[in-house]
Amino acid sequence: MLPSPKPQAFGSAGPLRSARQSGTSPFRFDAEGPSVTDTASALANMANRLDQLERALNDMKSQGSPVYGIPRQPHNQDTRISQIEQHVHRLTEAVQDIDGSRMKALWYRVGALEEAMNSSFCSVREDLEVRLSTMEEHTARIAARLVEFQESLSSIMQRQYEFEKSVRQHLQQQAYLPSSK
């Protein structure tokens, strides 16, 4: 037999109504909002409560026992059953509403995360493309300078050869060196 909790009218000030009255949303997903674990825990608690009410309803239908804060009406059992069924139905709707809201918030959070990842990826890709383009420009400049250096070196070697040749000819003309044949 389940323990009878303190009677509480449906829709009384719970966390959802308190949040609505205070103007804050219990479904915020920012740094201070509930985590996925909190959401799962809240849904599990409501599902357990729903199971308890359904078991109590079945007990009452079979034995006529009092159920969770709904006053005993000995001469009108059908009314009590109808009240409990309405209570269960409202609780089911509340669970589905919370589940839907939480799922929407979770999907919104996943979408925001995907968008942030895509944005970050695009930013990194753009940065890499800019760096690659800069590296290609630097490589092209270095290659051009190497070509210039090779041309300069070739020109210097040519001038050195011509200088040595003119010195040799001058010395031969002055008869300091034997002519090479």
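Numbers for the structure displayed
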item	result
Exposure proxy ranking, count of Cβ atoms within 10 Å, fewest first, for L146, L57	L146, L57
Likely footprinting exposure, V88, V124, fewest C-beta neighbours within 10 Å first	V124, V88
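Read the figures in this text as sums done on the coordinates, not as results from a lab. All values reported here derive from a predicted model rather than from experimental measurement. Reconstructed Cβ throughout: ideal geometry from the backbone, glycine too, with neighbour counts over all protein chains shown.
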